[in-house]
Amino acid sequence: TPTPSQQNGIVVVGFAGRRHGDVTQLINRVIDANVFGSGNLDTPFRFNKQELISEEIEEWFKLRCISYYFEEEKGILYLQFSSISCPIMDADLESQLGFDSLFEDREFGDLQGLLFMFSVSILVPYCL
């Protein structure tokens, strides 16, 4: 017999936030399980080294985290998106040339991630 998720399809619920730790805590509270973060039951979205990806995409993933966990019994795929770092925390402002440009590039990349999340899931944003 097919499971309920096979009969009814899959629901994708996405969580997005600026800090990885905040997003993982929120998801774990919502699903009432330690899956993301220290639970290590989520699967990071990564490319294999053999796959041909552009340097731009590789750099994009270095600054962001996308992972997922599929709860098969309920037919729910939990998807999380967060920034790994913030240019304000990473850069020495006095020595960083073009800081505004760096900040805008990272924000634009984060917006691309949010667009992806909106296109594939019911989104739960985590705002500070």
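The values are calculated or read from the model by the stated rules, or taken from the named source; none is laboratory data. This structure is a prediction, so every number in the text was calculated from the model and none was measured. For neighbour counting, all protein chains shown are included, and Cβ atoms are generated from backbone atoms with ideal geometry for every residue, glycine included.
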Query raised in the report: Looking at region 5-17, is at least one residue loosely packed, with under 13 Cβ neighbours inside 10 Å, assigned to a loop (DSSP other than H, G, I, E, B) and at pLDDT 90 or above?
Result: no
Requested in this report: Scan region 64-72 and give yes if some residue there is closer than 25 Å to residue 27 by Cα, at pLDDT 80 or above and either in a loop (DSSP other than H, G, I, E, B) or β-branched (Val, Ile, Thr) (or both), otherwise no.
Outcome: yes
Report summary line: Residue pairs qualifying under the 9 Å Cβ cut-off, at least six apart or on distinct chains, with the first in region 50-79 being at positive phi and the second being at pLDDT 80 or above and of a type in the set (Lys, Arg), are none
Query raised in the report: Of all the residues that make up region 73-116, how many are more than 16 Å from residue 23 (Cβ to Cβ) and at pLDDT 70 or above?
Result: 13
